[in-house]
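Below is one structure, written out as structure tokens; the observations come after it.
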């Protein structure tokens, strides 16, 4: 591993930090659009946000190949060292880490019989609030919920609608900013609101 | 506990369980296979529920375990002690104080909150199993949402008995898409699953399946317009606390036909007796 990556440790307490981070991601996907704090590693290698680092360290291992998109590709030795995960092409990866919303068609959406054989997109965004307002409804939401992450493309709602039409196939999204995560599981409907 | 990881399972197993749980939450009611491990108690004693609990549990959690509503039966006591020893977590019998509730075959009478997670032990996760024993075939039926056979089964019961004669493990539709086995809870408890505030997780150890129902998700018991679902209970009053609405157990008290009806939920019954004037 390059020396500059070696200086960035993983979880301070691997067992309990992974547990706390998992509970944050679980709640985030069970209650879409709500924000949850993970227990991140102290000093993740740039440009990785603490939340994205925590999600990787919590969920990725040798059984779950990951694709590091764009500028995250340089972090492959760090991810391999801390998780044992092999790098994979987007369509074959259990997780894709990116800071730009990938074309859903390039990711695995599962099959009708095995919809869980799909890619989870870990999307690092500048912030989970202050962006254009989206209105969510579906499982995990009592009526509707407003969610306004920054960093999503302008045509996000239309692209999500195409993803939702595949249900129960589809892509699940875990959005990360700072030490906070939010989830958009494939089961929910998203509308743009003015 | 010395020599064991926190909550017994190793971290790689927990990651596998956690990835499965996240997919289960994203597809409400859809069963997902997982690599169930051998646990220090036999299949049929809640190994699926224990593995789910172990993957979710943290140091700050307070765990409650019930078996048919009771906190003081062998299965519940064993599992509660298992986690007290292997994870050092606080345990409770009070529904309201628990953050995680592992259950065998009941949902507590006390309404669960957003801050709680309920973990069901599931013997048979496949609702279509009695109609179609082949997993390959039932997987395809779920893929096509081909649930006509289950409606025929319910219709046959109406034709034969004049009513739908399923008293527990009553099949439900989740999120309008997946037919799901609610585990062998009494049909009385089915309405509590509908739009429940707590997250519901299901683990089947022997059958190696995990599934989930997120909060506020529609869980509808199958029925017909002219034969609507009815949540039935024994038409008695609890002999201990006098509750007229709770689910009751029938207890045989002697060999001359003596019997009494008492609340199946021991915590509910005890709280009512404590707060009674």
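Any read-out appearing in this document is the output of simple, stated calculations on the displayed coordinates, not a laboratory observation. In this text the structure is predicted, and so the values were computed from the model without any measurement. For neighbour counting, all protein chains shown are included, and Cβ atoms are generated from backbone atoms with ideal geometry for every residue, glycine included.
A few notes on this one:
- Across segment B:169-229, the relative contact order, built from alpha-carbon pairs under 8 Å that are at least six residues apart, equals 37 percent.
- Segment B:233-277: proportion of alpha-carbon pairs further apart than 15 angstrom, %: 40 percent
- Using a simple spin-label model with pseudo-atoms 7 Å out from Cα toward Cβ, residue B:72 and residue B:135 lie 4.0 nm apart.
- Residues B:45, A:78 arranged by fewest to most Cβ contacts within 10 Å: B:45, A:78
- Using the alpha-carbon positions of segment A:1-103, Rg (one decimal) and Dmax (whole number) come out as 13.2, 40 Å.
- Percent of Cα pairs in the protein assembly as shown per distance bin of 20 Å, from zero to the largest separation: 24, 55, 19, 2, 0.
- Cα-Cα P(r), segment B:132-277, percent of pairs per 10 Å interval: 10, 30, 33, 20, 7, 1
- What the pair-distance distribution of chain B shows, using all Cα-Cα distances binned every 5 Å from zero, is 1, 6, 12, 16, 18, 16, 13, 9, 6, 2, 1, 0 percent.
- Gain on full stretching of the segment that runs from residue B:227 to residue B:94 - 0.36 nm per residue minus C-alpha separation: 44.2 nm
- Residue A:3-residue A:148 FRET efficiency (beta carbon distance; Förster radius 41 Å; 0.05 resolution): 0.55
- Working from the Cα coordinates of segment A:117-194, the gyration tensor eigenvalues give, after taking √(5λ), semi-axes of 18, 15, 12 Å in decreasing order.
- Where labels lie 7 Å past Cα in the beta-carbon direction, separation of residue A:87 and residue B:240 in nm: 6.2 nm
- Counts of other chain beta carbons within 10 angstrom of each beta carbon in peptide A:158-168 average 1.
- Computed packing ranks the peptides A:37-50, B:224-237 as A:37-50, B:224-237, most packed first, by mean other Cβ atoms within 10 Å.
- Helix-only [θ]222 nm of the protein assembly as shown, DSSP H runs n ≥ 4, -39500 (n - 2.57) each, per residue, nearest 500: -8000 deg cm²/dmol
- Taking every residue in A:130-140 and counting other chain Cβ atoms within 10 Å of its Cβ, the average works out to 3.
- Mean separation of Cα contacts under 8 Å, 6 or more apart, over the residue count of chain B: relative contact order %: 22 percent
- Rg/Rg_globular for segment B:1-115, with Rg_globular taken as 2.2 N^0.38 Å and Rg from C-alpha atoms: 1.04
- Mean per-residue shielding of peptide A:30-39 is 3, counting Cβ atoms of other chains within 10 Å of each Cβ.
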